[in-house]
Amino acid sequence: MSITTYANQHVLDLVAYQPGKPIEETARELGMNPEDIVKLASNENSLGPSPRAINAMCAAAAGAHIYPDGASFTLRSKLADMFGVAFEQTVVGSGSSEIIELLCHACLNEKAELIAAKHSFSMYPIMCKLFGAKYVEVDNKADWSHDLMGMLKAITPDTRLIFITNPTNPVGTMVYQEEIDAFMEKVPGHVIIAFDEAYIDFADEKPDTLKYVKQGKNVILLRTFSKAYGLAGLRAGYGITTPEIADLLNKARTPFNMNLMAQAATVAALEDKEHIAASVKMVNEGKKQFYAAFDSWGIPYIPSHGNFILVKTGKGREVFNACLSKGVILRHMDGYGLPEYIRITVGNQSENTRCLEVLKEVCGK
Ligand SMILES: *Cc1c(COP(=O)(O)O)cnc(C)c1O
């Protein structure tokens, strides 16, 4: 008899997270040089990490035989300073994905429900199902933005967690202050609201969600170093929340969940405002480059507040495969219930140009 007979059914039923296809693997399969592959699949930052972060990692490397600071004191103190909250209101982790997992650890079980918007980050249903909880998906509004009032209506006594992804991935839309305020006014006290702000650096308007944390509402802001900070390979993210929720999450985590290099690099990266500004500038210019091409070809897309664009090429998986065979890795959206679309991460000018050349050919434009 197979060991899976004894495994938890809700784990057996899971479909594992599908990451963007790695460059090395693609190069091997195509017999190409890794340098000739363009990866615009995982919303990474083509500028790379801040040079200050790289220096900090190099300096930290020689001390890698010693366990890191389990409390991540320097990083969390810096975050507390930046956000004007107490040290006890900060949580750090191996990517904000880990903080999402910790939230699920803290409040989900077989009776609990989690609410998220349709076509949002695929980690939410995976984590939700991992804990045997019910995943409740709320349709978006006609403009593809989260329907916050619809989410309110979906709340039951068993609802424990709501994710508001702002800007949302893979769609790229946002919700703004007025809607968020109206929503927050009506949210009952038994629900934790997680504002997943992985792409907030790219948004020109940044709603104030920190105020709810400061008011003591059951709110957590989730941020990551994987996108604008260009540190996806390092695995680093954080949450800003109430001391109560932070304490719960700190109880649920493993002892050294933020590694030595990640602690060193993120402290340095937070100081490099120029690098973030340069990343945002690159993305804004890149979006113009893509939009101009799509407009001239008559290919519909959703204007994005993130560093990626959801494009309606039709036959997303076929377009993805055709681009892949030419060394350009994009993301098809089958797993997100959007088979007509592909998602393109905005890279640097030459990557974008190469991507557009390949797409032009593939889409017959
Ligand atoms: C990328 C992303 C994250 C964070 O990913 P980590 O690399 O685990 O920090 C969180 N939420 C959304 C919506 C994302 O797209």
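The values are calculated or read from the model by the stated rules, or taken from the named source; none is laboratory data. Fair warning: this is a prediction, and the values are worked out from it, not measured in the lab. Note that we place each Cβ from the backbone using ideal geometry, even for glycine, and neighbour counts take in every protein chain shown. Only protein heavy atoms, including side chains, enter the accessible area calculation; ligands, DNA and RNA are left aside. Shrake-Rupley method; radii C 1.70, N 1.55, O 1.52, S 1.80 Å.
One table, with the values for the structure above:
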quantity: Within the range 219-230, considering residues that are part of a loop (DSSP other than H, G, I, E, B) and under 16 Å from Thr168 (Cα atoms), the one farthest from the ligand (Cβ to nearest atom); calculated: Ala228
quantity: Residues being open to solvent by 40 Å² or more (accessible area, probe 1.4 Å), within 16 Å of the ligand (Cβ to nearest atom) and over 21 Å from Thr254 (Cα atoms) - total across the range 117-135; calculated: 2
quantity: Residue within the range 199-207 that is within 11 Å of the ligand (Cβ to nearest atom) and under 21 Å from Thr242 (Cβ atoms) present; calculated: yes
quantity: Sole residue being more than 16 Å from the ligand (Cβ to nearest atom), surrounded by 15 or more Cβ atoms within 10 Å (Cβ to Cβ) and at pLDDT 95 or above, chosen from Gly237, Gly216, Gly150, Gly172; calculated: Gly150
quantity: Close pairs from the range 37-52: first more than 20 Å from Asp272 (Cα to Cα) and more than 16 Å from the ligand (Cβ to nearest atom), partner of a type outside the set (Asp, Glu) and open to solvent by 40 Å² or more (accessible area, probe 1.4 Å), Cβ under 7 Å, at least 6 apart; calculated: Ile37/Ile23; Val38/Arg354
quantity: Within the range 253-279, tally of residues that are outside any loop (DSSP other than H, G, I, E, B) and either buried (at least 18 other Cβ atoms within 10 Å of the Cβ) or of a type in the set (Phe, Trp, Tyr) (or both); calculated: 14
quantity: Subset of the range 324-362 that is part of a helix (DSSP H, G or I) and under 24 Å from the mean Cα position of the chain (by Cα) - its residue that is modelled with the lowest pLDDT; calculated: Gly335
quantity: Residue selected from the range 24-53 under the condition surrounded by fewer than 16 Cβ atoms within 10 Å (Cβ to Cβ) and of a type outside the set (D, E, K, R), by the criterion nearest to the chain's Cα centre (by Cα); calculated: Gly48
quantity: Pairs where the first residue, in the range 122-140, is part of a helix (DSSP H, G or I) and the second is hydroxyl-bearing (Ser, Thr, Tyr), C-beta under 8 Å, 6+ apart; calculated: Met123/Tyr17; Met123/Ser97; Tyr124/Tyr135; Pro125/Tyr135; Ile126/Tyr17; Cys128/Tyr135; Lys129/Tyr135
quantity: Among the candidates Ile276, Ile299, Ile342, residue that is closer than 25 Å to Val15 by Cα and either among the hydrophobic types (A, V, I, L, M, F, W, C) or in contact with a strand residue (DSSP E or B) (Cβ under 6 Å, 6 or more places away or on another chain) (or both); calculated: Ile342
quantity: Only listed residue being farther than 20 Å from Ile162 by Cβ, surrounded by 15 or more Cβ atoms within 10 Å (Cβ to Cβ) and within 16 Å of the ligand (Cβ to nearest atom), chosen from Leu103, Leu79, Leu114; calculated: Leu79
quantity: Qualifying positions in the range 65-81 - among the hydrophobic types (A, V, I, L, M, F, W, C), touching a residue at least 40 places away in the same chain (Cβ under 8 Å) and in contact with a strand residue (DSSP E or B) (Cβ under 7 Å, 6 or more places away or on another chain); calculated: Leu75, Leu79
quantity: Candidates Thr159, Thr165 - the one that is within 16 Å of the ligand (Cβ to nearest atom), open to solvent by less than 10 Å² (accessible area, probe 1.4 Å) and without any contact (Cβ under 8 Å) to a residue 60 or more places away in the chain; calculated: Thr165
quantity: Cβ pairs under 8 Å, 6+ apart, first in the range 353-365 and touching a residue at least 12 places away in the same chain (Cβ under 8 Å), second assigned to a helix (DSSP H, G or I) and open to solvent by 40 Å² or more (accessible area, probe 1.4 Å); calculated: Thr353/Gln289; Leu356/Gln289; Lys360/Trp297; Cys363/Trp297; Lys365/Trp297
quantity: Of residues in the range 82-100 being among the small types (Gly, Ala, Ser), touching a strand residue (DSSP E or B) at 6+ places or on another chain (Cβ under 9 Å) and in a loop (DSSP other than H, G, I, E, B), the one nearest to the ligand (Cβ to nearest atom); calculated: Gly95
